[in-house]
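The structure under discussion appears below in the form of structure tokens.
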Amino acid sequence: MKESRLERGISSDQIEQLHRRFKQLSGDQPTIRKENFNNVPDLELNPIRSKIVRAFFDNRNLRKAPSGLADEINFEDFLTIMSYFRPIDTTMGEEQVEQSRKEKLRFLFHMYDSDSDGRITLEEYRNVVEELLSGNPHAEKESARSIADGAMMEAASVCVGPMEPDQVYEGITFEDFLKIWQGIDIETKMHVRFLNMETIALCH
């Protein structure tokens, strides 16, 4: 456990609090399954709830395999996932800060890239936008498609530049994703409120 703590930059106090939350979620069992997230109030109303839960079991985020989903995760796996939400430490050097930012963005990228092919395609992005708008009774499916299509065109212009009329943008790679998020504060976008842990240093 000590080695894992040092690797992830999580303190002993944080590990204790995370372990208590893990036991709550698992019902005091050694592993957590997707259904254990069903009764988390802050997550219940989130329009992309399914993608958030899926991210906890994504083998890419667990650093176990380049694709696929785990059926269940243990506490060590849980710590691995929670480490993505660790805020920037003032003692970090410039290189460490950049690495932490990349890890957060890769976690977010995996939520969009549902088929693990290394690209966020137009269909995948449309799916995300449709889920985000699902709670709005006035939003139509065509509106979601228009928003997604416009965003993908903008991504192409940022990442590729002017394109020929017959040129096709196949999707957002992780390198493209980094360009799109350049200058945006990822720290304010990723938090763990749905785990009811606002009081510890892993979220803010």
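State log₁₀ I(q)/I(0) for the range 93-194 at q = 0.13, 0.23 Å⁻¹ as given by the Debye formula over alpha-carbon point scatterers of equal weight, solvent excluded. Those come out to -0.55, -1.32, one per q. Couplings for the range 111-123, taken from phi via the Karplus curve 6.51 cos²θ - 1.76 cosθ + 1.60 with θ = phi - 60°, read 5, 7, 7, 5, 9, 6, 9, x, 9, 9, 7, 4, 5 Hz in order; Gly and Pro are left as x.
Here is how the number arises for the chain: DSSP H runs of 4 or more residues each give -39500 (n - 2.57), the sum is divided by the residue count, and the result at 222 nm is -15000 deg cm²/dmol.
Springs between Cα atoms under 10 Å define the GNM used for the chain, and in it the highest mean-square fluctuation of Met82, Met152, Met92 occurs at Met92. Rounded to the nearest 10 degrees, the angle from helix 12-26 to the longest Cα principal axis of the chain is 80 degrees. Here the contact order of the chain, divided by its residue count and restricted to Cα pairs under 8 Å and six or more residues apart, works out to 22 percent.
Only one item in [x] 8, 30, 36, 20, 6, 1; [y] 8, 26, 25, 16, 10, 7, 4, 2, 1, 0, 0, 0; [z] 8, 34, 34, 19, 5, 0 matches P(r) over Cα pairs in 10 Å bins from 0, in percent derived from the coordinates shown, and that item is [x]. If you run the Gaussian network model on the chain, springs between alpha carbon atoms under 10 Å, then out of His138, His110, His19 the most flexible one is His138.
The magnitude of the dipole of the chain, with charges of +1 and -1 set on the Cβ of Lys/Arg and Asp/Glu and taken from the Cα centre, is near 700 debye. Legend: ranking of residues Asp176, Asp58, Asp117, Asp28 from fewest to most surrounding C-beta atoms inside 10 Å; resulting order Asp28, Asp117, Asp176, Asp58. When only Cα pairs below 8 angstrom with a gap of at least 6 residues are kept, the range 108-180 shows a relative contact order of 36 percent. Once the GluC sites (Glu not before Pro) in DSSP loops with at most 15 neighbouring Cβ atoms within 10 Å are cut out of the chain, the longest remaining piece is 1-139. I'd like the orientation of helix 141-159 relative to the chain: the angle between its Cα long axis and the longest Cα principal axis, in ° from 0 to 90, rounded to 10. Rounded to the nearest ten degrees, it is 90. If you take all other residues with their beta carbon under 9 Å from the beta carbon of Arg33, and give Lys and Arg +1 and Asp and Glu -1, the sum is -2. The slack in the chain from Ser116 to Arg54, taken as 0.36 nm per residue of separation less the alpha-carbon distance, amounts to 21.1 nm.
Subtracting the Cα-Cα distance of Ser67 and Glu140 from their residue separation scaled by 0.36 nm leaves 23.1 nm.
Quick note: the coordinates plus some simple rules give every number you see, no bench work behind them. All values derive from a computational prediction rather than experimental measurement. Every residue, glycine as well, gets a Cβ built from its backbone with ideal geometry; the counts of neighbours run over all protein chains shown.
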